Amino acid sequence: MKRIRKAIIPAAGLGTRFLPATKATPKEMLPVVDTPAIQYIVEEAAKSGIEDIVIISGRGKRAIEDHFDKSYELEDVLLKHNKISELEVIKGISNMANIYYVRQKEARGLGHAIHCAKTFIGNEPFAVLLGDDLVYSEKPCLSQLMDAYEKYQSSIVGVQRVDKEKVNLYGIIEGDDIAPKVMKVKDLVEKPDKAHAPSNVAILGRYILEPEIFDILENQKPGKNGEIQLTDALKTLLAIQNIYSFEFEGKRYDLGDKLGFVEATIEYALRREDLKQELKAYLKDIAGKF
């Protein structure tokens, strides 16, 4: 039985929706409370049993590499000041998984970013986790998809239902229910308008893909916005293989949206014992003042 050992995290985007903060700082390094967004994604992969992670980076993304690297100077300072709990946190960041980096030399879309990892992945199924989709769940989102893959041994896309007014923001699927939370995919449409959307079941940033997708991506023509779209490649893959969707459990936050980022920061802070009481009092105090 095939097992998922490797994952791709695309992180080469320019983050233009978060300017000016992202002028010199990678968007993936913006913190949700006190933890960079990309660290949550790496932690999810590691907790799901992923052994090797490749981050697709781009120009100006060196801070991501530095973050996951070992920091001897910082560790030494923390040790000398007897800050043992902080030291353990810092050590844990560099030890959570084997992380590698591949540079996407030009912004040609998600499909192109994934294709950049072809040599790293080789001929085995793999996971894709998008950094803009943060999922808070009791069981890691990717682990839920991996359980589905173990049963169906075919490509899996993670989905949830979205407001019909927002279908134009996502890849949308059409499919047949075959089990609780599972659909056999019949078609995929990239960011359709509401009138032409086949459903409101949206692909939300988690995939398990068979390696045949690489050959398709290599020959994929640019689609919406002139980019190599993963959804278009999945439509081609669908002609030769089954694809299933799995409706994962958990609260998903859109970190590519400013409001979504603020919501994630507030709600993650409210889940922390060291912050929640004071934050609750503050939110109650300012309610209605703005």
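Bear in mind these aren't lab numbers, they're just calculated from the coordinates by the rules spelled out. Predicted, not measured: the structure shown is a model, and the values here were computed from it. Positions of Cβ are generated from backbone atoms using ideal geometry, with glycine treated the same way; all protein chains shown enter the neighbour counts.
Couple of notes before you dig in:
- Residue of 268, 136, 244 that the Gaussian network model of the chain assigns the largest fluctuation, springs spanning Cα pairs under 10 Å: 268
- The residues neighbouring residue 229, those whose beta-carbon lies less than 13 Å from its own, together hold a net charge of +2 under the Lys/Arg +1, Asp/Glu -1 convention.
- Crossing angle, helix 141-152 versus the chain [Cα axis fit, 0-90 degrees, rounded to tens]: 30 degrees
- Two-decimal ratio, the chain, of alpha-carbon radius of gyration to 2.2 N^0.38 Å: 1.03
- Computed lengthening from residue 43 to residue 263, 0.36 nm per intervening residue step minus Cα-Cα distance: 77.2 nm
- Shown in residue order for segment 157-170 are the 3J(HN,Hα) couplings computed by the Karplus curve 6.51 cos²θ - 1.76 cosθ + 1.60 at θ = phi - 60°: 10, x, 9, 8, 7, 10, 4, 4, 6, 10, 4, 6, 9, 9 Hz (x for Gly and Pro).
- Sites residue 107 and residue 34 - FRET efficiency at Förster radius 30 Å, r taken between beta-carbons, to 0.05: 0.55
- Relative exposure of 246, 68, judged by other C-beta atoms within 10 Å (fewest first): 68, 246
- Nonlocal Lys pairs with alpha-carbon distance under 25 Å, segment 206-290 (8 or more apart, or different chains): 13
- Neighbourhood charge, 11 Å Cβ-Cβ cut-off, centred on residue 118 and excluding it, Lys, Arg +1 and Asp, Glu -1: -2
- Build a GNM of the chain with springs between Cα atoms under 10 Å apart, and of 36, 180, 140 the one that fluctuates most is 180.
- DSSP finds beta bridges in the chain, and of those with both partners inside it, around 60 percent are antiparallel.
- Its DSSP H runs of at least 4 residues, each contributing -39,500 (n - 2.57), put the calculated 222 nm mean residue ellipticity of the chain at -10000 deg cm²/dmol, to the nearest 500.
- Principal-axis analysis of the Cα atoms of the chain puts helix 84-95 at an angle of about 30° to the longest axis.
- Amide H contacts of residue 133 (H built 1.01 Å from N, under 5 Å, at least 5 apart or other chain): 255
- Sequence-separation-based contact order of the chain, relative, with Cα cut under 8 Å and 6+ spacing, percent: 21 percent
- For residue 243, residues with placed amide H under 5 Å, excluding near neighbours: 185
- Once the Cα-Cα distance is subtracted from the 0.36 nm per residue extended length, the residue 273 to residue 19 segment shows a gain of 88.3 nm.
- Computed FRET value (nearest 0.05) for residue 187 with residue 71, which takes r as the C-beta separation and R₀ as 35 Å: 0.15
- Acute angle (nearest 10 degrees) that the helix 37-47 long axis makes with the longest principal axis of the chain, alpha-carbon atoms: 70 degrees
- Extension gain, residue 176 to residue 151: 0.36 nm times the residue separation minus the Cα-Cα distance gives 7.3 nm.
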